[in-house]
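Quick notes on the structure that follows.
The values are calculated or read from the model by the stated rules, or taken from the named source; none is laboratory data. In this text, all values refer to a predicted model and were calculated from it rather than measured experimentally. Every residue, glycine among them, receives a Cβ derived from its backbone with ideal geometry; neighbour counts consider all protein chains shown. For the accessible areas, the whole protein counts, side chains as well, though only heavy atoms, and no ligand, DNA or RNA atoms are used. Shrake-Rupley method; radii C 1.70, N 1.55, O 1.52, S 1.80 Å.
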4 protein chains.
Amino acid sequence: MSSTPSGGLFAGVFARGPVAGQVDDRAFLQALLDAEAALARASAAAGLFPAEAAEAIAARCHAGLFDADALGRRAAASGNPVVPLVRTLAAQVDGDAAEHVHQGATSQDILDTAAMLVARRALAPLLDDLAAAAAACARLADEHRGTVLAGRTLLQQATPTSFGLKAAGWLVGLDEARLRLDEVREQALAVQLGGAAGTLAAFGDDGLAVLANLAAELGLAEPTLPWHTVRLRPAALAGALGATAGVLAKVARDVALLAQTEVAEVAEAGGGGRGGSSTMPHKRNPVAAVAVTGCAARVPGLVATMLAAMPQEHERAAGAWHAEWETLTELLRLVGSAASWLRELLEGLRVDPARMRANLDASGGLPMAEAVTAALADGLGRRRARELVDQAAAP
Amino acid sequence: MSSTPSGGLFAGVFARGPVAGQVDDRAFLQALLDAEAALARASAAAGLFPAEAAEAIAARCHAGLFDADALGRRAAASGNPVVPLVRTLAAQVDGDAAEHVHQGATSQDILDTAAMLVARRALAPLLDDLAAAAAACARLADEHRGTVLAGRTLLQQATPTSFGLKAAGWLVGLDEARLRLDEVREQALAVQLGGAAGTLAAFGDDGLAVLANLAAELGLAEPTLPWHTVRLRPAALAGALGATAGVLAKVARDVALLAQTEVAEVAEAGGGGRGGSSTMPHKRNPVAAVAVTGCAARVPGLVATMLAAMPQEHERAAGAWHAEWETLTELLRLVGSAASWLRELLEGLRVDPARMRANLDASGGLPMAEAVTAALADGLGRRRARELVDQAAAP
Amino acid sequence: MSSTPSGGLFAGVFARGPVAGQVDDRAFLQALLDAEAALARASAAAGLFPAEAAEAIAARCHAGLFDADALGRRAAASGNPVVPLVRTLAAQVDGDAAEHVHQGATSQDILDTAAMLVARRALAPLLDDLAAAAAACARLADEHRGTVLAGRTLLQQATPTSFGLKAAGWLVGLDEARLRLDEVREQALAVQLGGAAGTLAAFGDDGLAVLANLAAELGLAEPTLPWHTVRLRPAALAGALGATAGVLAKVARDVALLAQTEVAEVAEAGGGGRGGSSTMPHKRNPVAAVAVTGCAARVPGLVATMLAAMPQEHERAAGAWHAEWETLTELLRLVGSAASWLRELLEGLRVDPARMRANLDASGGLPMAEAVTAALADGLGRRRARELVDQAAAP
Amino acid sequence: MSSTPSGGLFAGVFARGPVAGQVDDRAFLQALLDAEAALARASAAAGLFPAEAAEAIAARCHAGLFDADALGRRAAASGNPVVPLVRTLAAQVDGDAAEHVHQGATSQDILDTAAMLVARRALAPLLDDLAAAAAACARLADEHRGTVLAGRTLLQQATPTSFGLKAAGWLVGLDEARLRLDEVREQALAVQLGGAAGTLAAFGDDGLAVLANLAAELGLAEPTLPWHTVRLRPAALAGALGATAGVLAKVARDVALLAQTEVAEVAEAGGGGRGGSSTMPHKRNPVAAVAVTGCAARVPGLVATMLAAMPQEHERAAGAWHAEWETLTELLRLVGSAASWLRELLEGLRVDPARMRANLDASGGLPMAEAVTAALADGLGRRRARELVDQAAAP
């Protein structure tokens, strides 16, 4: 019996699209190994040992050569998987090069750097999906600039708006969320290097050179100081993912509401058995909107976990740091899944302008009350106009 | 590339002990199948179809006959794994019996019932670990009723207390948490049965009989009404797990603080490379306390997710229900892991009464200030006594 | 410029009903004073000092004699308001009795006991409102047992149900939430007494007697041990309030959805300008449902705060305890307000059975698809029946 | 009995410093009125009505002329305080100008704009306190670049570091948090204007001109589109405040740990009765560190509330928007209070270099184990060196 968490069974909903493959066990393991390989090269480039040793190490840094589950089990002794990973890696490297594996670094240097690599790699397809979803909104906004439907406030018809404007609102949200995530990717995702207590002491005078080399090697930012216990970087990523989830869920909520049987102004594309029910043959469920909502609903709690884990003790935290590991990959996985679902939803969304018009007409002109008031106000004054319209509009 | 979440790599920390195996994919899949088998038997017992058909169905309800990952992928079409599971199960059942697979039920009936089964099975070893941890505290309380150490408030030495009393405080916490969890197990974990819209309509007049049979079959409580969108049951479980995590983390926090280099009043048992560092040969890290803290720190956010998911629409929610699935197993896994770590920690805890005494003595009697004030108060009055002691105790 | 938080401006929404007055500053101050008075009486009853001294103290324990804002400002020096309160109280008590103010207790004894008193007093009207809301549901369930409407899953019409059953589901939720809250009131709300480090040392041999007297005096439970840093009691209260909020919000969500312009199956009572808009004369907003939703949406985060604050250090926490104070009153206030709103909503809810029927009819019989399938299955077998109905129901 | 929340009693801890006065009821009320005044001027400048009318309106927009509590009570009817505020304001404005009060706007335009104004005003002193705290860290970093103390990981002494480097780590955290908050202030805080359904319809052709004027008038950003239900702006603010709280709490945690009786490497300044206990004359509690921790611990849950409230329906949310109001001011108040406390703490922090050295020496050279290993490695190879040091360092 495996001790890994459930997940495959629900992967169709919560691990959809290209991000999931960037944040799974194998991807994280590869990122840990990439961090070790890059550290070796960065150290060799700084003159700490021969380049050949670095290459000998890097040559063994392939996830396929390791067993994530076994490492995970052995992680129990030290409290993190880097300790057994380093031991296993060193055992696989021949000759003197083995002595330079992980040289000067502490477990957290490798694990934090790997987490940032994982995030960087996961953000690429996530940003793509967000951009595609935004593009779909742009098309809807353009196509439907003249499609009139009821603006709704507090779930009541208010005044008319256009479906194009509604889609434009979604577009702005998706675009701004994407821009912020991109900013976080460029600025917040940094390598970690400090050694045991963050002093770079084990690198002698070459610490800053190794740090710069490491950042260049991995395409991550170079921090001013080690951030072992100053967790603004993961917090910024979590915050941006949280805001993105909120926007994705806003669009999905609107779609689910517009797709209600009694409203029926939009429908998901369906096809391929999509939206079917185990018992009700006629059902065409808005599965994508539901899935986005389900993914996104799990995000705020995880962001809170990341923020609550920020007060980390001294030079390495006694638990709060550990709480970040799976939480961060979970955040990436869920927001990635939600973005993938929403992209698909928006690219296939069916809009029914006639029904939009009919729903508005069914309210017998009441949504024009504000406009009528304004028109009457020119002659009667706003107060008197409002009184008259109030009387006419009384239920 | 698998689309399952990371997990194995960190399983040593977050999936330790016997609960993890009760909440993984295979366990959840088996619970879904157990729910289908029990439904078939419950329906047959109510006379809806022959017992042979039920047994023919039950005979195929073994997780080993199914592929959780494949079901997960196919779940995307309908938004939950029950739809493809039912289809696959029916295809494996011979003859007319296949027609009775899932008869009268809705996906949520099966998924909710399975989640409750998973919880029930996970709680057994969790309650065991809590009881064992409490027993270890009881031993410590008994052994150390006369072991004096500094009581500490706001991380400052306050007045003396005994380590036995400290352990007794932990004991009461662990015990009360366990009792509440046990109560939740008995009362809150119920079967779900309602059919498409919660009316039991598809069972004709036999709905209530099938419900009663189903509850008896699975050893779960029988609810007054379907609770498809009234989510007090999962919320009660989440709340009790959250409170348990808080108690576990309280004990771990105390241990980590007492184990500080400068305090050194307790130590974890160590052995087998436990507590080693990748860079610092002398380190003996309080790995278990750290792991408990790391597990528990992830719990409050997940409880918030469960509570935030409670307002579920009409007869089945459009996303909020889905948000519960992995969150609930995650909660069980993390609290189970924390309990397993803490049990081990407490069973091996090394206590240093001499150091406790020495740390107290190092404060030069200041922690006795309150007692001195009280003694002086008999003759001088409390106000004057406090003034004198304030002067004497001034730094 | 006052330093109190905003609140009055939004009190109409978030501090509605009778609970708000039980959790405001004055009520908390009175509870602190009640705790001091009861401590004095409990100590006198245990023979620690004359009953006259206790009565002299109790005679000054009236909130009206104190300035909460001034105490709050002075609380900055010690980090809690009990220190200046005790000083002020002692200064107001004449003669030797002044020496017995707060005797033997620590600030946390008083503050925790007061918080429990506040909770007990706030729960009375909250439980009343929940009971009244449940009673209103019972009436609706009874009246509308034959009122047919569409059952809706994932916001799509599924199969028919009755409004009576829907209301019965709400009833069960409200009732179970109320029962759990009542249980928490009886079992979890306990006095706190331990003195500086939880040892009751300053009470000599009379500590347990004072504790028992104090519990009897205040009508709160008597704990096995001080719970200064084992926070199951506030956590249980928070968890039960969180679950209650979830149920309240579920009912409100249903009402808001049923009240949508396009659905219009229920309406809030309105009257007295209720539900008006600043710009749209025709709007009749479901204000109560919106307010319940707004109150309840703030609860899960606050519960997470309470749970995250549970790992409290040693004998008194360095910050986590403080985080509970306002969070707990906020939880009571918000859930109290939500309950008050929902009671009013349900007591005045207007139900439109004709519209319910019409909405169902508008779906052209599709919600009967499951029933038709079942009927056909008798002759054709379930699989073939489902195929035929699938074809007939295809959009 | 007032229905406002408790607060004054705890204001010394949670409403300390200059931010509190910017987020209380009066400040929010003034911001609402400032928004109405600016709207009038912006509309007049766009030619919608005479400037005299705008000035007549603006002349009445003073909080002192209104009763926040009364408005709050009347807010219950419409669900927000803007409706009664507009009515009261219009009643106070003479002649035709009264007709132009709130013209074209919806309640949310005013409330959102006011919330952004409140945030802008609160951020000024908050950024000041952060800058001052960072400056204090810079001084400590400079002064103590040569002050050696134990680096501590998992609460165990690891390898030596310097207190200057530790303070530099705090400095970087405070500075980066401040820069992000400043960025949010400049970019995310925007006016809101859209009218009933976000179309600006009631402004005729002048909507965009009024919007631009309004932004200029108030010194807030001009949004591309109304953001009534696309809540990235409040989410960005909440996220940045959450990250700031995490950094503040990290520093406070370090201070509280360093100030422990057994460590005693730093102390808070004390003075003026600061840090006293109600029962223990000798106690000098780290009150500021405790208060920072208490404030910050309440933040992650509130951020989660803001994020969970993001999926807002259609053109105005039915509850989720309401959940933001008090949550946002609470976030500002708590982070403002924490920053004020930490500034004071850092400006007065007493550092004891001799004790730092002594604590390190007490570990008998073990923290130099890594360095010794490295030194030996030159001759013996890293593996053999580690083996030897492991033996020597074994407990």
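Summary table
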item: Check: the protein assembly as shown dipole with +1 on Lys, Arg Cβ and -1 on Asp, Glu Cβ, in debye; result: 0 debye
item: C-alpha long axis of helix C:68-78 to longest principal axis of chain C, angle in °; result: 70 degrees
item: Dipole-positive endmost among D:LEU117, D:GLY146, D:ALA133 within segment D:107-186 (Cβ charges, Cα centre); result: D:GLY146
item: Chain B, relative contact order in percent, only Cα pairs under 8 angstrom and at least six apart counted; result: 20 percent
item: Rotationally averaged projected area of segment B:260-361 (alpha carbon convex hull; nm²); result: 9.6 nm²
item: Contour minus Cα-Cα distance for A:ALA375 and A:ALA131 (0.36 nm per residue); result: 83.7 nm
item: Positions from segment C:119-152 whose accessible area shrinks by 20 Å² or more when the full protein complex is built, not the chain alone, probe 1.4 Å; result: C:ARG152
item: Positive-end residue, chain B charge dipole about Cα centroid, Cβ charges, pick of B:ALA56, B:GLY219, B:PHE203; result: B:GLY219
item: Part-to-part distance (alpha-carbon centres) for segment C:82-161 and segment B:281-348, which is given in Å; result: 27 Å
item: For segment C:320-331, 3J(HN,Hα) per residue [Karplus equation, 6.51 cos²θ - 1.76 cosθ + 1.60, θ = phi - 60°, Hz, x = Gly/Pro]; result: 5, 4, 4, 5, 6, 3, 6, 5, 5, 5, 4, 4
item: D:ASP205-A:ALA212 pseudo-label distance in nm [points 7 Å out on the Cα-to-Cβ vector]; result: 6.0 nm
item: Under-5 Å amide H pairs with A:LEU149, H placed in peptide plane, nonlocal only; result: A:THR161, A:SER162, A:PHE163
item: Whole-Hz ³J(HN,Hα) from phi, Karplus 6.51 cos²θ - 1.76 cosθ + 1.60, for segment C:201-215, glycine and proline x; result: 4, 5, 9, x, 7, 9, x, 5, 5, 4, 4, 5, 4, 4, 4
item: HN-Hα J in Hz across segment D:156-165 - Karplus 6.51, -1.76, 1.60, θ = phi - 60°, x for Gly and Pro; result: 10, 4, 10, 10, x, 9, 10, 5, x, 5
item: Helical contribution to [θ] at 222 nm, DSSP H n ≥ 4, -39,500 (n - 2.57), averaged over chain A, rounded to 500; result: -20000 deg cm²/dmol
item: Chain D, closest residue to the rotation axis toward C, by beta-carbon, whole angstrom; result: D:GLY301, 2
item: Cβ-based net charge around B:PRO226, under 12 Å, with every Lys or Arg adding one and every Asp or Glu removing one; result: 0
item: FRET efficiency, 1/(1 + (r/R0)^6) with R0 22 Å, evaluated for C:ALA91 and C:ALA59 via beta carbons; result: 0.95
item: Computed Kirkwood radius, in angstrom, where 1/r is averaged over Cα pairs of segment D:18-172; result: 18.9 Å
item: Size descriptor, Kirkwood hydrodynamic radius, that averages inverse alpha-carbon separations across segment D:329-395, Å; result: 15.8 Å
item: Area accessible to solvent at D:VAL247, 1.4 Å probe radius, in Å²; result: 10 Å²
item: Using alpha-carbon coordinates, inclination of helix B:299-308 to the longest axis of chain B, degrees; result: 50 degrees
item: Accessible surface ranking that places the most exposed of A:GLU315, B:GLU217 first, with a 1.4 angstrom probe; result: B:GLU217, A:GLU315
item: Label-point separation, D:ARG350 to A:ASP390 (7 Å along Cα→Cβ), nm; result: 6.7 nm
item: GNM flexibility winner over chain A from A:GLN30, A:GLN156, A:GLN92 (Cα, springs under 10 Å); result: A:GLN156
item: Total formal charge among the other residues, if their Cβ is under 11 angstrom from that of B:GLY194, Lys/Arg +1 and Asp/Glu -1; result: -2
item: Pairwise Lys count, the protein assembly as shown - Cα closer than 14 Å, eight or more residues apart or different chains; result: 4
item: 13 Å beta-carbon shell around C:GLY301, net charge (K/R +1, D/E -1); result: -2
item: Spin-label proximity, C:ALA221 to segment B:178-203 - amide N less than 16 Å from point 7 Å beyond Cα toward beta carbon; result: B:178-184
item: Simple Cβ-charge dipole of chain B, Lys/Arg +1 and Asp/Glu -1, about Cα centre, in debye nearest 20; result: 1740 debye
item: Accessible area of A:VAL351 in the full protein assembly, 1.4 Å probe (Å², nearest 10); result: 30 Å²
item: Assigned charges on the beta-carbon of Lys, Arg, Asp, Glu; segment D:1-132 dipole about Cα centre (debye); result: 320 debye
item: Tilt relative to chain A, helix A:25-45 - C-alpha long axis, 0 to 90 degrees, to 10; result: 50 degrees
